[in-house]
Amino acid sequence: MLKNNSLLQRSLTSVWHPCTQMKQHEQFPLVPIARGEGVWLYDTDGKRYLDAVSSWWVNLFGHNNVQIKDAIKAQLDTLEHVMLAGFTHEPVVQLSEKLAKLTGLGHAFYASDGASATEIALKMSFHYWQNTGKPLKTQFICLQNSYHGETLGALSVTDVAIFKDTYAPLLRQAALMPSPDFRLAEAGETAEDYALRCAEALEQYVREHHATLAAFIIEPLVQCAAGMGIYHPAYLKRAREICTQYDVHLIADEIAVGFGRTGEMFACQHAGIRADFICLSKGITGGYLPLSAVLTTDTIYQAFYDDSTVRGFLHSHSYTGNPLACSAALATLAIFENDNVIVNNRETAAKLNGFLQTHFDLPIKHLRNQGMIWAFDVQTQNSQFAKQCYQAALQNDLLIRPIGNTVYWMPPYTLSHGEIDFMVKATVASVKAAL
Ligand SMILES: Cc1ncc(COP(=O)(O)O)c(C=O)c1O
């Protein structure tokens with residue numbers, strides 16, 4: 001096994017790491033991970049870290065999960081990959097059938113990352129309006145502080161300055177609707193009242209511009225990259241009504257919140273709505289292999305079904321519908337089917353919330369919880385809080401990645417009582433060290 005230092009140096013020389021100013025690694029060393037087990041990651045020297053962010057929100061059932069691992073191994077013995085244009089295979093068909101049942105949408109179109117799913121949904125929406133004789137419907141709207149990925153199309157509907165501003169000259173302009181994130185409410189306003197006030201602003205914009213609007217893309221219930229901005233489901237309900245009334249597509253980006261993260265299988269279920277497109281990724285394979293999917297309505301699908309080739313959706317990626325990734329997704333869905341995951345998560349959440357009552361003495365605002373997501377905003381003058389808290393946490397055997405002053409947990413669902421205890425106490429110590 002390589003010693004930490006040698007691997008770190010080779011990584012800095014040969015790898016361009018994501019979401020990183022590489023020069024900062026002169027001060028903050030990379031963490032060289034050798035293996036994972038359950039909620040724990042182990043570095044090459046055997047030091048462990050509790051993965052409280054599920055490795056960027058992808059891991060649902062722990063690292064080294066036997067069921068998912070066995071499913072991938074079995075698939076490896078039969079078919080590793082075949083292109084999906086002109087060909088098909090059992091895992092992709094089974095997965096598409098299961099996803100259709102779960103979402104109420106269909107005709108799953110696959111890619112490998114969340115941002116690609118966003119691109120696909122935006123292109124499909126635009127193309128639908130072209131195919132149905134409404135060529136003026138070319139514009140997209142999204143929420144303030146939204147995040148839908150970092151390819152150019154996805155960045156156009158993302159509102160996070162640090163990721164977007166540099167590339168602004170390359171991007172289309174999408175109109176921003178007021179965010180229903182409850183932290184932005186007036187004092188004394190309820191979450192529902194604030195959500196409905198934001199929905200009124202949405203309606204006004206859509207009423208005036210619907211002739212040129214293709215779609216409204218939204219992160220249902222939680223704007224994760226904005227710092228876990230949670231909002232009332234009344235907003236989603238109104239957004240659905242408004243989009244239907246004015247003939248604008250609703251795209252639900254459930255990439256981060258899908259697969260049980262918010263306490264229901266999909267976040268839209270909290271509002272009892274169905275979008276015109278759903279984008280899925282991250283947890284879809286339990287965090288094992290890259291896979292994303294976009295599902296849509298029969299009406300939209302039928303508008304592409306034609307003798308003319310160019311009226312079809314000709315988008316493609318080489319690894320579309322990869323059998324190994326599909327087998328990981330099928331194993332993940334089997335765990336949901338067999339293990340009562342959503343109900344068990346409610347118990348885990350209740351335990352964690354109980355723990356917070358007694359073990360939490362920090363200068364914070366907006367302590368919030370939705371399903372298996374927790375967040376709070378730390379009141380501190382320290383402009384380096386996020387970095388220092390992250391570093392302190394690593395010292396305390398914990399992986400958290402604060403977003404600005406927001407500290408959050410999005411742990412694997414398999415977190416045990418003892419691990420909850422550990423995570424909360426290590427977080428409190430790490431926040432205190434960075435105040
Ligand atoms: C809501 C949402 N959409 C899209 C993406 C982009 O996914 P990916 O990083 O796989 O491209 C993310 C990633 O965090 C996300 O949270």
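The values are calculated or read from the model by the stated rules, or taken from the named source; none is laboratory data. What you are looking at is a predicted structure, and each value in this text was computed from that prediction instead of being measured. Note that each Cβ is placed from the backbone with ideal geometry, even for glycine, and that neighbours are counted across all protein chains shown. The accessibility values were calculated without ligands, DNA or RNA, using every heavy atom of the protein model including side chains. Shrake-Rupley method; radii C 1.70, N 1.55, O 1.52, S 1.80 Å.
For this structure, a couple of remarks:
- When a 1.4 Å probe is rolled over the protein heavy atoms, the share of accessible surface on the chain that falls to carbon and sulfur comes to 53 percent.
- Close amide H partners of residue 287, meaning residues 5 or more places away or on another chain with modelled amide H under 5 Å apart, are 60.
- Rg to Rh quotient for segment 282-328, alpha carbon positions, Kirkwood Rh: 1.09
- Interatomic Cα distance distribution for segment 161-222, bins of 10 angstrom, percent: 18, 39, 35, 8, 0
- Choice from 152, 79, 399 showing the highest fluctuation, given a GNM over the chain with Cα pairs closer than 10 Å: 79
- Among 420-429, 283-292, the order from most to least packed when residues are scored by Cβ within 10 Å on average: 283-292, 420-429
- Across segment 298-315, computed HN-Hα scalar couplings (Karplus, 6.51 cos²θ - 1.76 cosθ + 1.60, θ = phi - 60°) run 4, 4, 5, 4, 5, 5, 9, 7, 7, 5, 7, 4, 6, 7, x, 8, 8, 4 Hz from first to last residue, x flagging Gly and Pro.
- Against the compact-protein benchmark of 2.2 N^0.38 Å, the Cα-based radius of gyration of segment 289-368 scales to 1.87.
- Long hydrophobic helices in the chain: the complete DSSP H runs spanning 24 Å or more by Cα along their own axis with mean Kyte-Doolittle hydropathy of at least -1.0 are 114-131, 191-209, 341-358, 417-434.
- Excluding exposed DSSP-loop GluC sites (Glu not before Pro) (at most 12 other C-beta within 10 Å), longest clean stretch of the chain: 187-435
- Anisotropy class of the chain from Cα gyration tensor, a/c 1.5 cut: oblate
- GNM top mover of 173, 245, 24 - the chain, alpha-carbon springs below 10 Å: 24
- Only beta bridges with both residues in the chain are counted; by DSSP, about 65 percent of them are antiparallel.
- Every pair of different Cα atoms in segment 193-277 enters the Kirkwood calculation, which places the hydrodynamic radius at 13.0 Å.
- Over every Cα atom in segment 98-155, the radius of gyration and the widest Cα-Cα span, Dmax, amount to 13.1, 35 Å.
- Estimated vicinal HN-Hα couplings, Hz - segment 399-407 in sequence order (Karplus 6.51, -1.76, 1.60; Gly, Pro = x): 9, 10, 10, x, 9, x, 8, 8, 9
- Averaging 1/r over every pair of different alpha carbons in segment 300-435 and inverting the result gives a Kirkwood radius of 18.1 Å.
- Model label sites at residue 83 and residue 247, defined 7 Å from Cα along the beta-carbon direction, differ in position by 3.8 nm.
- Accessible surface, per residue, of segment 332-421 when the full set of protein chains is kept, probe 1.4 Å, Å²: 44
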